Amino acid sequence: MSTVVLVEGNLLEKPVSRVVKVADGTEVVTEFRIMSDTRKRVGDNWVQDDEKTYPVNVTMWGKRRGEDIMRLLTVGVRVMVHGDQHIRHFTPNEEQAARGLVAKTSVEVVANYVGVSLGRIKSMELFPSRATEAASEAANEAAAAQS
């Protein structure tokens, strides 16, 4: 069972992208971790609420979205992730416990959308829309055909 969430936090490490086998071929999956945090008001100031701060593993499926994440996201960037949250519990067996492994719980979000929080953005450069690119290419081809 999962819950749809919107989580905001800072990227902890560089995203990793890989190709995995799926039933009908292969798919690109990109994974990264953020530190989700919540602010609370203390007097006249907003401060981080350490009791509500935790790491979140994020998984994004799809080649194009994965390429965008790999190209645009760097450590420290603040992102917002919308997707299905899953809580994972790990309990070591006797052999694992003897090796020092301990029980732990982790939070994972299978992302539908990842956005950059604008608070830390200095500037942005946008690509032309696909329609603009197509119209420009058509105009160039027509001009070349008339020459």
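The values are calculated or read from the model by the stated rules, or taken from the named source; none is laboratory data. Please read these numbers as outputs of a predicted model, since none were measured by experiment. Every residue, glycine as well, gets a Cβ built from its backbone with ideal geometry; the counts of neighbours run over all protein chains shown.
This table checks each residue for (1) touching a Lys or Arg at 6+ places or on another chain (Cβ under 7 Å); (2) at pLDDT 90 or above; (3) of a type in the set (A, V, I, L, M, F, W, C).
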{"position": "MET80", "(1), (2), (3)": "no, yes, yes"}
{"position": "ILE87", "(1), (2), (3)": "no, no, yes"}
{"position": "ASN93", "(1), (2), (3)": "no, no, no"}
{"position": "ALA98", "(1), (2), (3)": "no, yes, yes"}
{"position": "ASN112", "(1), (2), (3)": "no, yes, no"}
{"position": "GLY119", "(1), (2), (3)": "yes, no, no"}
Flag for VAL47 being surrounded by 10 or more Cβ atoms within 10 Å (Cβ to Cβ) and either touching a His at 6+ places or on another chain (Cβ under 6 Å) or β-branched (Val, Ile, Thr) (or both): yes
Close pairs from the range 106-127: first under 20 Å from ARG64 (Cα atoms), partner of a type outside the set (Gly, Ala, Ser) and in a loop (DSSP other than H, G, I, E, B), Cβ under 7 Å, at least 6 apart: VAL116/VAL77
Residue selected from the range 66-99 under the condition within 12 Å of the chain's Cα centre (by Cα) and among the β-branched types (Val, Ile, Thr), by the criterion surrounded by the most Cβ atoms within 10 Å (Cβ to Cβ): VAL81
Qualifying residue in the range 47-56 (condition: under 13 Å from the mean Cα position of the chain (by Cα) and under 23 Å from GLY25 (Cβ atoms)): no
Positions within the range 16-38 being β-branched (Val, Ile, Thr) and surrounded by fewer than 17 Cβ atoms within 10 Å (Cβ to Cβ), in sequence order: VAL16, VAL19, VAL20, VAL22, THR26, THR38
Residues that are modelled with pLDDT of 85 or more, among the hydrophobic types (A, V, I, L, M, F, W, C) and farther than 16 Å from VAL77 by Cβ, drawn from the range 1-57: VAL4, VAL5, LEU6, VAL19, VAL20, VAL22, ALA23, VAL28, VAL29, VAL42
